[in-house]
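The values are calculated or read from the model by the stated rules, or taken from the named source; none is laboratory data. Because the structure is predicted, anything quoted here is derived from the model rather than measured. Please note: Cβ atoms are built from the backbone with ideal geometry, for glycine as well, and neighbour counts cover all protein chains shown. Areas reflect the complete protein model, heavy atoms only, side chains present, ligands, DNA and RNA absent. Shrake-Rupley method; radii C 1.70, N 1.55, O 1.52, S 1.80 Å.
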Amino acid sequence: MAVTVSHRPTREWPLLVLALALVCAICIPLWQWSSGGQTGGEQWSRWTPERLGRLLLGPEQIACYCCFTWAGFILLGRYRELRRQRRAFTLDLLPTEEGVRILPEDARPLLRKLDQLTGGGPFILGNMIRLALGKYAVTRNSQDVSDTIRTQAEVDLGRLVTSMATVHYLAWAIPALGFLGTVRGLSGGLSMAGKVDGTELQEFIDQATRHLTVAFDCTLVALVLSLALMFLVHSVQRDEEALVIDCQQYCLENLALRLYDPEPVPSP
């Protein structure tokens, strides 16, 4: 195994299924009881194709779909890159046999081997090992190697966080577009207040209701898309942080702890 597991992983998806089953088992009977005995067809009969079209289609909704799709493509690319980075653990970049020691004279041959194995593309793990071995070849000090590994891990993690700026902006822009539609719907409804008289009351109520429906529909669609996108962002970021931590642990186990110091570092 390339990376030693230090804790038992949490089974999040089975817990999600359990939570959904428990909530549905309690809430659905209560919902049916509180609906006054109406059947499902009677409850959903008012959701006609025209009503669903007004709910799901509109200028703001289409803009939200574009933002969500763009962010989804970015996250899909990052997930594929994450899986490619994980393949570096199977390339045998460092000796993993029990009892193997790495001498200062072994740093250059290991660097040449590393360059040959990582020729298919840049790897976070390969770059971390390259910097650590280069530092060891110059200083011959294991403490400097550990500091280099830690510093490079912080740099890689900061780069991953910074490169998510566009996705974070899109996750913020989606609910903002929804509220823009809400403002448009409310302003359209209020703009008709001065045009009503006794003969046009019913028409005014119908038009105002339509504008208010547009307002709340935009907010509903935007919030649903925002919740889904934030979950995807959280999942990808968690996996990327785990990748950097695993790379750091791999270097500590198979490099920093196997180094041989020709001259012991004097204690302070």
message: What pairs come out if I take residues in the stretch 240-268 that are modelled with pLDDT under 80 and pair them with residues that are part of a helix (DSSP H, G or I) whose C-beta lies under 7 Å away, six or more apart or interchain?
response: 261/142; 262/104; 265/143
- request: Would you mind finding the one in 122, 109, 104, 95 that is of a type outside the set (D, E, K, R) and within 16 Å of residue 240 (Cα to Cα)?
  value: 122
Selection count, the stretch 55-80, where residues are open to solvent by 40 Å² or more (accessible area, probe 1.4 Å) and in contact with an Asp or Glu (Cβ under 9 Å, 6 or more places away or on another chain): 2
- prompt: Does residue 154 meet the test of being at pLDDT below 90 and open to solvent by 20 Å² or more (accessible area, probe 1.4 Å)?
  reply: no
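Of the residues that sit in the stretch 91-138 and are part of a loop (DSSP other than H, G, I, E, B) and farther than 29 Å from residue 80 by Cα, which one is most open to solvent (accessible area, probe 1.4 Å)? Before the answer, list the steps.
Initially, the stretch 91-138 is screened for residues part of a loop (DSSP other than H, G, I, E, B), giving 91-101, 103, 118-123.
This time we only want the ones that are farther than 29 Å from residue 80 by Cα, so: 97-101, 103.
Working: 97: 103, 98: 177, 99: 65, 100: 45, 101: 123, 103: 68 Å².
For the stretch 91-138, the residue satisfying everything is 98.
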